[in-house]
Amino acid sequence: QVQLVESGGGLVQAGGSLRLSCAASGRTFSGYAMGWFRQAPGKEREFVAAISRDGGSTYYANSVKGRFTISRDNAKNTVYLQMNSLKPEDTAVYYCAARAGTNWYISSNEYAYWGQGTQVTVSS
């Protein structure tokens with residue numbers, strides 16, 4: 001089992017930046033592909049970005065492509081989400097998730113472990 005703790009959320013103006021972190025503990029972090037998801041009020045949880053367990057492969061939702069960057073540091077057991085050019089529609093609770101294995105998936109059902117989430121609010 002792996003435990004995940006997100007941090008780095010907050011309130012930012014449109015056009016600003018935030019970097020989210022997700023610290024993992026428990027099993028060997030490098031054995032897990034990682035994903036970021038978000039859920040806005042009244043909406044379903046949606047995929048944002050994912051990264052393979054070695055960091056060699058990444059994938060982004062179209063809505064964030066070119067603005068967000070996912071990365072990981074296996075020595076620090078941490079995955080990051082750099083968010084630039086933020087928009088009000090990026091406002092949501094952001095969750096990191098882990099699944100054992102090499103490859104990422106965009107379906108939340110593929111991820112067995114979840115953090116508690118961190119709030120990101122973008123003001124216009």
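Brief remarks follow.
- The alpha-carbon positions of the chain define a convex hull whose volume is 88 Å³ per residue.
- The mean sequence distance of close C-alpha pairs (under 8 Å, at least 6 residues apart), as a share of the length of the stretch 16-124, puts its relative contact order at 33 percent.
- Trypsin sites (Lys or Arg not before Pro) within the stretch 16-124, DSSP loop, no more than 16 other Cβ atoms inside 10 Å: Arg27, Lys43, Arg45, Lys65, Arg67, Lys76
- Only protein heavy atoms count here; under a 1.4 Å probe, Phe68 has an accessible surface of about 10 Å².
- In terms of accessible area, using a 1.4 Å probe and ignoring ligands and nucleic acids, Tyr95, Tyr59 rank largest first as Tyr59, Tyr95.
- Given +1 at the Cβ of Lys and Arg, -1 at the Cβ of Asp and Glu and no other charges, the dipole of the chain around its Cα centre is 120 debye to the nearest 20.
- The residues of the chain present an accessible area of 50 Å² per residue when probed at 1.4 Å with all protein chains retained.
- Carbon/sulfur fraction of accessible area - the stretch 1-57, other protein chains in place, 1.4 Å, %: 43
The values are calculated or read from the model by the stated rules, or taken from the named source; none is laboratory data. Given the structure is predicted, the values throughout are model-derived calculations rather than measurements. In this analysis, Cβ positions are derived from the backbone assuming ideal geometry, glycine residues included, and neighbour counts consider all displayed protein chains. Calculation scope for accessible area: heavy atoms of the full protein, side chains included, ligands and nucleic acids excluded. Shrake-Rupley method; radii C 1.70, N 1.55, O 1.52, S 1.80 Å.
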